[in-house]
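The values are calculated or read from the model by the stated rules, or taken from the named source; none is laboratory data. Not measured: the values here are computed from a predicted model. Glycine also receives a Cβ, built like all others from the backbone with ideal geometry; neighbour counts cover every protein chain displayed.
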Amino acid sequence: MVDARKILEEYVSSAKAVQLATLSPDGAPAMCNLWCATAFAPDRLWFISRPTRFHCVNIRSDARVAGALLAIELAELGQPVRGVSFTGVARELPTSDVDDDIAAYVGRWPSAAGAIDPARLAAGETHHRIYRVEVTGWVLYDEIDHAGGPRVEIPAETA
């Protein structure tokens, strides 16, 4: 059988967007779609957003999040699928001393460099902030290499 952790890392690394669920102040779930960057050991995701967005406001009041990444071409109903979901804790990072986090995101999305330029971010001259999700658990759903039991829980590697 193919190593589920290896499949997970390859799959997540190829994903471009995350569907992120946050919790509103009244406890209702809220979903958004965001461009993301990822890293492993420790398992993390980054996104940038304006701090006034609903999901960012939610994260400041309750940091628990869940999400999903889908990185396959969908052609027709019934095809074997692979997808990843996760749970984690998100936070808005400070506006200084986050060069490694910025590099992780800009390494995946170079066109975002101006939106989160370290000097402009520290000076309060950007509209965006960078957010980091510390992943606490993964679920790989894999009908391709794990057809007999496609739901595979994979522990997160933490710092």
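May I ask you to say which residue of 77, 70, 45 is of a type outside the set (Phe, Trp, Tyr), in contact with a strand residue (DSSP E or B) (Cβ under 7 Å, 6 or more places away or on another chain), at pLDDT below 95 and closer than 29 Å to residue 29 by Cα?
Values: 77 fails: in contact with a strand residue (DSSP E or B) (Cβ under 7 Å, 6 or more places away or on another chain); 45 fails: at pLDDT below 95.
After ruling out the rest, the residue left standing is 70.
Report whether or not residue 107 is under 30 Å from residue 150 (Cβ atoms) and either exposed (fewer than 14 other Cβ atoms within 10 Å of the Cβ) or of a type outside the set (A, V, I, L, M) (or both). Give the derivation first.
Numbers: under 30 Å from residue 150 (Cβ atoms): no; either exposed (fewer than 14 other Cβ atoms within 10 Å of the Cβ) or of a type outside the set (A, V, I, L, M) (or both): yes.
Here the answer is no, as residue 107 does not meet what is asked.
Of all residues being at pLDDT below 95 and hydrophobic (A, V, I, L, M, F, W, C) in region 124-151, which is surrounded by the most Cβ atoms within 10 Å (Cβ to Cβ)? Just the residue, please.
By that ranking, first place goes to 144.
Where residues in region 25-36 are in contact (Cβ under 8 Å) with a residue 24 or more places away in the chain and within 16 Å of residue 87 (Cα to Cα), which of them is surrounded by the most Cβ atoms within 10 Å (Cβ to Cβ)?
Of all residues in region 25-36, those in contact (Cβ under 8 Å) with a residue 24 or more places away in the chain come to 25, 30, 35-36.
Checking which are within 16 Å of residue 87 (Cα to Cα) leaves us with 30, 36.
On the way: 30: 13, 36: 23.
Only one residue tops the list, namely 36.
Can you find a residue in region 76-98 that is in a loop (DSSP other than H, G, I, E, B) and touching a Leu at 6+ places or on another chain (Cβ under 7 Å)? Even if it seems obvious, please write down each step before you answer.
Taking region 76-98 and keeping what is in a loop (DSSP other than H, G, I, E, B), we get 76-81, 93-98.
Still in the list and also touching a Leu at 6+ places or on another chain (Cβ under 7 Å): 95.
Yes, the conditions are met somewhere in region 76-98.
State the number of residues belonging to region 110-136 that are of a type in the set (Gly, Ala, Ser) and part of a loop (DSSP other than H, G, I, E, B).
Taking region 110-136 first, the residues of a type in the set (Gly, Ala, Ser) are 111-115, 119, 122-124.
Then keep just the ones that are part of a loop (DSSP other than H, G, I, E, B); that gives 113-115, 123-124.
The total comes to 5.
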